[in-house]
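Visitor: Could you have a look at this structure, given as structure tokens, before my questions?
The values are calculated or read from the model by the stated rules, or taken from the named source; none is laboratory data. Note that the coordinates shown come from a computational prediction; the quantities given were computed from them, not determined experimentally. All Cβ positions, even for glycine, are placed from backbone atoms using ideal geometry, and neighbour counts span all protein chains on display.
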Amino acid sequence: MAPPPTPDPAPEAHPRARGAHALVGSASPPPIRCGIAGWSYPDWAGRVYGKGVRDQLAFIARYVDLIEINNTFYRPPEAKNAASWVRRTAALPGFLFSAKLHQDVTHRFTIEPSTVAAFREGLEPIRSAGKLSHLLAQFRYDFADGPGSRDLLHRIRENFGSLAELVIEVRHASWQSLDALEFLRGLGITVANLDFPLARDSFSLEKCLIGRNGYFRLHGRNRKAWFDAKAGRDETYDYLYSPRELARIRERAVSLAISYQSLTIVANNHYRGKEVANALELKHLLTGRKVEVPPALVEEYPRLREIAVEPGPPPGSIV
């Protein structure tokens, strides 16, 4: 397979393109994209998607710069679906997707030829359109450095590295030793920077500058649920970052971005649309400009009124 095409439009060539946000006070800013993880959640009805929203993907893609496709973690992608996603977001210049590797690879440590083929074929419509920014391998907190783990990472790179820029998310502290970091750097991949509840053995680097195009994932800080084995997915990611926390995250993002060709921020605190709210607040903090916000989301989180662009008059109205 040929190397992945450069996402179109290239952020460096279009500094004012959608998604290439200019940092406040920076004359030559590195491009930063603010994205979300997934777009189809039952609890978003009435909170993100108001009445009358028929195409959820086309709707929410108008507000963010990237969507991380997370259903590929549970089942391999299908080309017909991927082609539909490209078609439904085609009117948004600069909009991108990233995708998560299947759990068989990252949690069961098996790489079947059928899985490799399914990802190559299933993501090809996005890749060939220049819309696939990263392929994410997200590992469990207990995936520690060691010969077996390093061998798995080598095999992941060999099998999936030609699809898109490969980014790995490791959560165990053993990966931040100097030897482990040198190994990761030698793989030619990106290592995700993370904001999540920390334990004594957590990967806790504030700045991990491995890779060309950075990837910064925000999981929320619901510490109680994060470390509760009985907590469900929604409870684990039920967290709304405060304005003060977001200001600190903005500082960290700017510090990271200057060391990369670009930086993608993905909010994963999805429950009840919190990730959308926080992604848009970060976009506002990074640009210093008001942003478009889904009307239903403003009703759910009234503090968004402070950063929201005033909605225009309905079509056909007399101004």
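Visitor: Can you pull out the residues in the stretch 237-273 that are within 24 Å of Lys224 (Cα to Cα) and of a type in the set (Asp, Glu)?
Guide: Correct list: Asp238, Glu245.
Visitor: Got at least one residue in the stretch 79-91 being under 22 Å from Pro125 (Cβ atoms), buried (at least 23 other Cβ atoms within 10 Å of the Cβ) and modelled with pLDDT of 95 or more? Spell out the reasoning first.
Guide: Initially, the stretch 79-91 is screened for residues under 22 Å from Pro125 (Cβ atoms), giving 79-91.
From the residues that got through so far, the ones that are buried (at least 23 other Cβ atoms within 10 Å of the Cβ) too are 82.
Remaining after also requiring modelled with pLDDT of 95 or more: 82.
Scanning the stretch 79-91, I find at least one residue that is under 22 Å from Pro125 (Cβ atoms), buried (at least 23 other Cβ atoms within 10 Å of the Cβ) and modelled with pLDDT of 95 or more, so the answer is yes.
Visitor: Within the stretch 63-82, how many residues are assigned to a helix (DSSP H, G or I) and over 27 Å from Ala277 (Cα atoms)?
Guide: Within the stretch 63-82, the subset assigned to a helix (DSSP H, G or I) is 71-73, 79-82.
Imposing the further condition that a residue be over 27 Å from Ala277 (Cα atoms) reduces the set to 79-80.
Going through the stretch 63-82 one residue at a time, the tally reaches 2.
Visitor: Can you tell which of Phe119, Phe95, Phe109 is among the aromatic types (Phe, Trp, Tyr) and closer than 16 Å to Leu135 by Cβ?
Guide: Going through Phe119, Phe95, Phe109 in turn, the sole match is Phe119.
Visitor: List every residue pair whose Cβ atoms sit under 7 Å apart, with the two residues 6 or more apart in sequence or on different chains, where the first one lies in the stretch 92-113 and is under 21 Å from His154 (Cα atoms) and at pLDDT 95 or above and the second, anywhere, is surrounded by fewer than 14 Cβ atoms within 10 Å (Cβ to Cβ) and of a type in the set (Phe, Trp, Tyr).
Guide: Filtered contacts from the stretch 92-113: Gln103/Tyr74.
Visitor: Closer than 27 Å to Leu166 by Cα and modelled with pLDDT of 95 or more: is that true of Arg217 in this structure? Before the answer, list the steps.
Guide: Details: closer than 27 Å to Leu166 by Cα: yes; modelled with pLDDT of 95 or more: yes.
In short, yes.
Visitor: Among the residues of the stretch 57-69, how many are out of contact with any Phe, Trp or Tyr (no Cβ under 6 Å at 6 or more places or on another chain) and surrounded by fewer than 22 Cβ atoms within 10 Å (Cβ to Cβ)? If you could, list the steps in order and put the result at the bottom.
Guide: Residues of the stretch 57-69 out of contact with any Phe, Trp or Tyr (no Cβ under 6 Å at 6 or more places or on another chain): 58-59, 62-66, 68.
Then keep just the ones that are surrounded by fewer than 22 Cβ atoms within 10 Å (Cβ to Cβ); that gives 58-59, 62-63.
Residues flagged as out of contact with any Phe, Trp or Tyr (no Cβ under 6 Å at 6 or more places or on another chain) and surrounded by fewer than 22 Cβ atoms within 10 Å (Cβ to Cβ) within the stretch 57-69 amount to 4.
Visitor: Is it true that Val276 is modelled with pLDDT of 95 or more and either surrounded by fewer than 20 Cβ atoms within 10 Å (Cβ to Cβ) or assigned to a loop (DSSP other than H, G, I, E, B) (or both)? Walk me through it before giving the result.
Guide: Values: modelled with pLDDT of 95 or more: yes; either surrounded by fewer than 20 Cβ atoms within 10 Å (Cβ to Cβ) or assigned to a loop (DSSP other than H, G, I, E, B) (or both): no.
No.
Visitor: Only one of Gly50, Gly25, Gly38 is farther than 23 Å from Val167 by Cα, surrounded by fewer than 20 Cβ atoms within 10 Å (Cβ to Cβ) and either modelled with pLDDT of 95 or more or of a type in the set (A, V, I, L, M) (or both). Can you tell me which? First the steps, then the outcome.
Guide: Working: Gly25 fails: either modelled with pLDDT of 95 or more or of a type in the set (A, V, I, L, M) (or both); Gly38 fails: farther than 23 Å from Val167 by Cα.
Exactly one of Gly50, Gly25, Gly38 is farther than 23 Å from Val167 by Cα, surrounded by fewer than 20 Cβ atoms within 10 Å (Cβ to Cβ) and either modelled with pLDDT of 95 or more or of a type in the set (A, V, I, L, M) (or both), namely Gly50.
Visitor: Pairs, please: C-beta under 7 Å, at least 6 apart or cross-chain, first residue on the phi > 0 side of the Ramachandran plot and in the stretch 29-49, second assigned to a strand (DSSP E or B) and of a type in the set (Asp, Glu)?
Guide: These pairs meet every condition: Gly38/Glu68.
Visitor: Quick one: would you say Thr72 is at pLDDT 95 or above, surrounded by 21 or more Cβ atoms within 10 Å (Cβ to Cβ) and of a type in the set (S, T, N, Q)? Before you say what the answer is, go through the steps one by one.
Guide: Values: at pLDDT 95 or above: yes; surrounded by 21 or more Cβ atoms within 10 Å (Cβ to Cβ): yes; of a type in the set (S, T, N, Q): yes.
Yes: the conditions hold for Thr72.
Visitor: Here's something else I'd like to know. Residues to consider are Ser40, Ser98; find the one that is in a loop (DSSP other than H, G, I, E, B), small (Gly, Ala, Ser) and under 16 Å from the mean Cα position of the chain (by Cα). First the steps, then the outcome.
Guide: Values: Ser98 fails: in a loop (DSSP other than H, G, I, E, B).
It is Ser40.
Visitor: Now a separate question. Within the stretch 114-150, track down each residue that is under 29 Å from Phe227 (Cα atoms), touching a Leu at 6+ places or on another chain (Cβ under 8 Å) and either at pLDDT below 95 or not hydrophobic (A, V, I, L, M, F, W, C) (or both). Please lay out each step first, then the result.
Guide: First, the residues of the stretch 114-150 that are under 29 Å from Phe227 (Cα atoms): 134-150.
From the residues that got through so far, the ones that are touching a Leu at 6+ places or on another chain (Cβ under 8 Å) too are 134-138.
Hits for the stretch 114-150 are His134, Gln138.
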